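Since the structure comes first, as structure tokens, the remarks are kept for the end.
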Amino acid sequence: MNIDLTIAIIITMVGASTPLLLAALGELVVEKSGVLNLGIEGMMLTGAVVGFAVTYTTGNPWLGIFAAAIAGASVSMIFAFLTLTLSANQVATGLALTIFGAGFSALFGQPFTGKPIALFKSIFPDSLTEHPILRVFFDYSPLVYFSLFMVFAVYWFLQKTRAGLILRAVGENDHSAHSIGYSVIGVRYGAVAFGGAMAGIGGSCFPLILTPQWVEGLTGGRGWIALALVVFAAWRPGRLLAGAYLFGLIATMELYAKAAGGSFRIIPSELWASLPYLATIIVLVLISIRHKTSSSAPACLGKPFIPN
Amino acid sequence: MKLINRRNALKIGGAAAMLPLIGSNAFAKKDKVKAAFVLIGTPDDNGWNYGHDLGRQEMITALGADRVETTVVTNVAEGPDSERVFRELAQQGHDIIFGTSFGYGDAMLKVAKQFPDVKFEWATGYKTAPNLSIYNARFHEGRSVLGTIAGMMSKTGIGAYIGSFPIPEVVMGINAFHLAARKANPDFITKVVYIDSWNDPAKESDAARALVDQGVDVITQHTDGPAALQVAEERGIIGGFGQGADMSAFAPNAHLTSIIDIWSPYYIKAVKSLLDGNWKEGGSWEGLAGGEVVIGDYNSKVPANVIAAAEAVKAGIIDGSVHPFAGPITDNKGTLRVEAGDVIDDGEFWAVDWYAEGVEA
């Protein structure tokens, strides 16, 4: 395989991975606070359609991304109100949020189907983005660099700040956190809003960096892959980055292998397509084997908090 | 089992009881027809569903709103949900129901049996019933025209075909495209990538990127959207084609031309036959000649000699002097599939499960 093709594969892989990484980072923080939000797909679709609509209307992708974050956080607040304030079942409410997001985005997006926008491309000069080697570092949308920054930011927040410690405490033992005076519900509201904003930005990657259009169901089920990624990464931001790029690489290699033809065809496409899920199942098995020694799921994940 | 049968019998009875309301005699002339259209997506998709809805509107214009009244149901998933929709439409007194997706077939055949006096029309279907007709378009004829353009314009000699699923219609679209391209360039290669979906634009885009990164400079696609064309535009390759409708808005430089589906001739014919009282079970499969498959405008960058060649293929298919699948055809494993002087006829069309020599799939 020559160097040009390798670089091309890397660039496509990073693009395919970025929405997964952003949405999964948000969900990681949500789950660390003890909340399981299965509505990622719905929030991503909402972010995708709002990001597209605002970018199309204003011509400014930065505004589009901002609006996508607000939109994702807004719909996540429906989930937060139902599950945190009213203590509704998180699994059922999360699924409902996915269905709501699919329906809302279809309705809201109707006037925007069949309209093109420009891709949100690299802001570096052409001499870097078109350089045969250096473009592997520079030929990306600002959203890609943002996602990498957020990996570090989430890691730093969770591990190095007092607020992160409180968030983890709320997720590991909500009653203890409550008894020493922290607002469990308040922390979780914040986490869910952050998760919604990140899923919204992740969704906006679809029209902004992958395929500059809006159609119904644009995210194509990738919200579920983001959910699997959080488990795959055992709730650690660094592993999440590796996992997102691995999942993106598998998805990208499927297409490059098919396009290359020849001996690559030995692996059937259905196998390529199922690899991310297979990998997640394998990792789940590994986690449960090593359960005693390594930290995995937050102890209060998915349980409603009702102060006694 | 008995209970279910009785329930079905009741339904049929109920439907029969309604018949006097919806038209006393199936073979009599009608003053007005109530037609329903079931779509798998929404008419604003700029592709498949858009084409059907446009056909519906033109049918109303042609026949007059006083003669035909239509109902459109959008976003109907294939499978059990569609069966409910078809039954409801039949119960509501529609005289003719058009199901515009391949996957509606089982549901339509089932409901058609229960409502013998309602006419059903199954787009891209393969099986008829006394009150169920099928209709399709010869999209592959359009593919021959696109292949001619691709073969003449490609500099790398490598074209791509992004498909949804390897169903006969897609396989034959690939063969038609490739065989036409090989007439212009005997070494032409067509790389095929299936994305296992009708609607996953992000995957379609990445497939297009993978193909362009490996030397492809002309892309065509058999999915419902413009995603691959947009990549062609972004990468500045020679180009691609609109599928189902003109998609030049998405790729002003890369959009070489398009295959446009025109369903109105068939919809006018079907509803008119119902008005005239001579609707019959049958199958319709028209193409360039019948005006159901139309080649759109050419991009200004397509050279005059290429347009002339494309138009010649089009004219040849219309007058019968050019056949998209004229022998000799060897498959990509080296077996001679069609002898010189022979063609793949309409009956053999649906059984083809091989690709022509030079197709990498």
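The values are calculated or read from the model by the stated rules, or taken from the named source; none is laboratory data. Computed from a prediction, not measured in an experiment: that's the story for all the values here. Here the Cβ is made from the backbone with ideal geometry for all residues, glycine too, and neighbour counts use every protein chain on show. In case anyone asks, the SASA skips ligands and DNA or RNA and just uses the protein heavy atoms, side chains included. Shrake-Rupley method; radii C 1.70, N 1.55, O 1.52, S 1.80 Å.
Brief remarks on what is shown
- Burial here means at least 30 square angstrom less accessible surface with every protein chain in place than with the chain by itself, probed at 1.4 Å; in segment A:218-240 the buried residues are A:Arg222.
- Electrostatic bookkeeping for A:Val151 treats Lys and Arg as +1 and Asp and Glu as -1; over the other residues with beta carbon under 13 Å from its beta carbon, the sum is +2.
- Square roots of five times the Cα gyration tensor eigenvalues for segment B:30-137, Å: 19, 18, 12
- At a probe radius of 1.4 angstrom, the accessible area of the protein assembly as shown per residue rounds to 40 square angstrom.
- Within the shell of other residues whose beta carbon sits under 12 angstrom from the beta carbon of A:Ile9, the net charge comes to -3, with Lys and Arg scored +1 and Asp and Glu -1.
- Cα shape, the protein assembly as shown, gyration tensor, a/c 1.5 rule: oblate
- Residues of type aspartates and glutamates that A:Lys121 reaches as a straight line, Cα spacing below 16 Å, ignoring anything fewer than 8 places off in the same chain: A:Glu130, A:Asp139, B:Asp206, B:Glu233, B:Glu234
- Among the listed pairs B:Lys119/B:Lys203; A:Lys160/A:Lys303; B:Lys30/B:Lys113; B:Lys34/B:Lys113, a Cα-Cα separation exceeding 29 Å is found for B:Lys119/B:Lys203.
- Total buried accessible area between A and B, probe 1.4 Å, nearest 100: 2500 Å².
- Based on Cα contacts under 8 Å between residues 6+ apart, segment B:30-137 shows a relative contact order of 26 percent.
- Shape category assigned to segment A:1-114 from the gyration tensor of Cα positions, a/c cut at 1.5: oblate
- Chymotrypsin sites (Phe, Trp or Tyr not before Pro) restricted to segment B:87-177 and DSSP loop, no more than 15 other C-beta within 10 Å: B:Tyr126
- Taking a ≥ b ≥ c as the square roots of the Cα gyration tensor eigenvalues, chain B comes out prolate, since a/c reaches at least 1.5 and a/b is larger than b/c.
- Residues whose amide H lies under 5 Å from that of B:Thr70, counting only those 5 or more places away or on a different chain, are B:Ala35; hydrogens are built 1.01 Å from N in the peptide plane.
- Converting phi to 3J(HN,Hα) with the Karplus coefficients 6.51, -1.76 and 1.60 and the offset θ = phi - 60°, segment B:185-191 yields 9, x, 9, 4, 10, 10, 8 Hz in sequence order, with x at every glycine or proline.
- Comparing Cα centroids, segment A:272-290 and segment B:253-294 end up 50 angstrom apart.
- Each Lys and Arg Cβ is given +1 and each Asp and Glu Cβ -1; about its Cα centre, segment A:3-289 then shows a dipole of about 340 debye.
- Degrees, to the nearest 10: A:61-80 long Cα axis against longest axis of chain A: 30
- The label-point distance for A:Asn173 and B:Ala62, in a model that sets each label 7 Å from Cα toward Cβ, rounds to 7.7 nm.
- Amide hydrogen neighbours beyond the local backbone of B:Ala326, cut-off 5 Å, H modeled: none
- On Cα atoms only, tilt of A:237-260 relative to the major axis of chain A in degrees: 30
- Net charge over other residues, Cβ less than 13 angstrom from the Cβ of B:Phe325 (K, R count +1; D, E count -1): -2
- Chain-alone versus full-assembly comparison, segment A:93-142, residues with accessible loss of at least 10 Å² (1.4 Å probe): A:Gln110, A:Thr113, A:Gly114, A:Pro116, A:Leu119, A:Lys121
- Per-residue extension of 0.36 nm, minus the Cα-Cα distance of B:Asp345 and B:Asn75, leaves a gain of 93.7 nm for this segment.
- Carbon/sulfur fraction of accessible area - the protein assembly as shown, other protein chains in place, 1.4 Å, %: 63
- Chain A: calculated mean residue ellipticity at 222 nm from DSSP helix runs of at least 4, using -39500 (n - 2.57): -23000 deg cm²/dmol
- Subset of B:Lys269/B:Lys314; B:Lys32/B:Lys272; B:Lys32/B:Lys127 violating a 18 Å alpha-carbon distance limit: B:Lys269/B:Lys314; B:Lys32/B:Lys127
- FRET efficiency, 1/(1 + (r/R0)^6) with R0 25 Å, evaluated for B:Lys333 and B:Thr156 via beta carbons: 0.55
- Net charge dipole, the protein assembly as shown: roughly 2100 debye, given to the nearest 20, about the Cα centre with Cβ charges of +1 for Lys and Arg and -1 for Asp and Glu.
- Built amide H within the under 5 Å cut-off of B:Ser258, gap 5+: B:Gly242, B:Gly296, B:Asp297
- These residues, B:Glu58, B:Glu83, go from largest to smallest accessible area, 1.4 Å probe, as B:Glu58, B:Glu83.
- Members of segment B:201-215 that become less accessible by 40 Å² or more once partner protein chains are added (1.4 angstrom probe, chain alone as reference): B:Pro201, B:Ala202, B:Lys203, B:Asp206, B:Arg209, B:Ala210, B:Asp213, B:Gln214
- In order along segment B:98-112, the phi-based Karplus estimate (6.51 cos²θ - 1.76 cosθ + 1.60, θ = phi - 60°) of 3J(HN,Hα) comes to 9, x, 9, 9, 3, x, 7, x, 4, 5, 5, 4, 5, 5, 4 Hz; Gly and Pro are listed as x.
- The separation of segment B:144-199 from segment A:67-83, counted between C-alpha centres, amounts to 45 Å.
- Proximal aspartates and glutamates to B:Lys110, defined as alpha-carbon separation beneath 17 angstrom and excluding residues fewer than eight positions away on the same chain: B:Glu78, B:Asp81, B:Glu83, B:Glu88, B:Asp95, B:Glu121, B:Glu281
- J(HN,Hα) series, segment B:298-307, from Karplus relation 6.51 cos²θ - 1.76 cosθ + 1.60, nearest Hz, glycine and proline x: 8, 5, 5, 7, 6, x, 4, 5, 5, 4
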